[in-house]
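Notes for the one structure printed next.
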Amino acid sequence: MKKTLLIDGDVLAYQSAFIAQANIQWEGELWTTHSDLALAKNWVIERLEMFKEKTGADAFVIAISDKNNFRRKLNPLYKANRRSKFAPIGLSPMRDWMAEEYGTVIYPNLEADDTIAIMATDLTPDEERIIVSIDKDFKSVPCTFYDFNRDEIHDVSVEDANKYHLMQTMAGDPVDGYKGIPGVGVVKAMRLLDKNGTNWDTVLKAYSDAQLTEEEALTNAWMAYLIQHKEFDPVNQQLKYLWMPDDFSNEQKAKYSHIIQQVTGKLDEDLARPKPFDPLGGL
């Protein structure tokens, strides 16, 4: 059976650019920042070989995020807090180099995480696919996930993936810009699911108890959910629909169809993350 790695190229590009960057003081108060791309490239090459050796894989695919992200149409605050953080100066060159050296996969309006989750859930009988990343969000995808920072391999079942997604829907992720239910963190969310059942009713009751609406719960569920093969049109490379609770009736789905239609099909608008603040802008 062929074994293919689905590698998070965003993480590789960022980490390699970060370790290759250095601040140098010249004379007096003159400081500069430089990046040794040769060091960054060698780091990536070594990691790719290590991933293959660790997993026994035959091949790999590297995914990169598109600059546009459909989630910002639903929630403009999604990852907006990252606009003030300056990326390593070698980040874009490393992405370009990986694309030239290995080829990279980018789906319009989707993050690398979504692209990887789509490929991970589009399985064939003669192939095994393993996600390689450091992002804990892949615990919400039924897959084999290699967390290379922790050197851990997780075999995530459908049940475990569903539970992790519902937990994230309640707990939120402030780093990504969606807050979930005030006062409900990971531990409490898991406790609620264990006590009341791993289902949408448990999530909805927790939101209702906090005087929050079902639409707010669904919006956070969409922020947390990584797109899978069944929600994606591979021919046109577009979203077909968004995640809905399994027990939703057609009437319940129709209630939110006007929201879903905003992000399905072809999206021509700019949904890129706001640029970092430029104190010299306009000068």
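Residue count for segment 222-263, restricted to those that are open to solvent by 90 Å² or more (accessible area, probe 1.4 Å), touching a Ser or Thr at 6+ places or on another chain (Cβ under 8 Å) and not in a helix (DSSP H, G or I): 2. So which residues in segment 104-158 are within 11 Å of the chain's Cα centre (by Cα), open to solvent by 20 Å² or more (accessible area, probe 1.4 Å) and of a type in the set (A, V, I, L, M), if there are any at all? Hit for segment 104-158 is I134, nothing else.
Contact map, segment 65-78: residues that are farther than 15 Å from Q238 by Cα and free of Cβ contacts under 8 Å to residues at least 12 places away in the same chain paired with residues that are assigned to a loop (DSSP other than H, G, I, E, B) and among the acidic types (D, E), Cβ distance under 6 Å, separation 6+ or inter-chain. No pairs are found. Against the conditions (1) hydrophobic (A, V, I, L, M, F, W, C); (2) open to solvent by less than 70 Å² (accessible area, probe 1.4 Å); (3) in contact with a Gly (Cβ under 8 Å, 6 or more places away or on another chain), A57 satisfies every one except (3).
For segment 179-194, the criterion of being within 21 Å of L110 (Cα to Cα), open to solvent by less than 30 Å² (accessible area, probe 1.4 Å), in contact with a Gly (Cβ under 9 Å, 6 or more places away or on another chain) and touching a residue at least 40 places away in the same chain (Cβ under 8 Å) is met by no residue. Selection of segment 201-216 for residues being crowded, with 21+ Cβ neighbours inside 10 Å and of a type in the set (A, V, I, L, M, F, W, C) yields V203, A206.
Close Cβ contacts (under 6 Å, 6 or more residues apart or on different chains) running from residues in segment 111-131 that are more than 18 Å from G9 (Cβ to Cβ) to residues that are surrounded by 20 or more Cβ atoms within 10 Å (Cβ to Cβ) comprise T121/Q228.
All conditions in (1) at pLDDT below 95; (2) in a strand (DSSP E or B); (3) aromatic (F, W, Y) hold for Y78, with the sole exception of (2).
The values are calculated or read from the model by the stated rules, or taken from the named source; none is laboratory data. Small disclaimer: the values here were computed from a predicted structure and weren't measured. Positions of Cβ are generated from backbone atoms using ideal geometry, with glycine treated the same way; all protein chains shown enter the neighbour counts. Quick note on the areas: whole protein, heavy atoms, side chains included, nothing else; ligands and nucleic acids left out. Shrake-Rupley method; radii C 1.70, N 1.55, O 1.52, S 1.80 Å.
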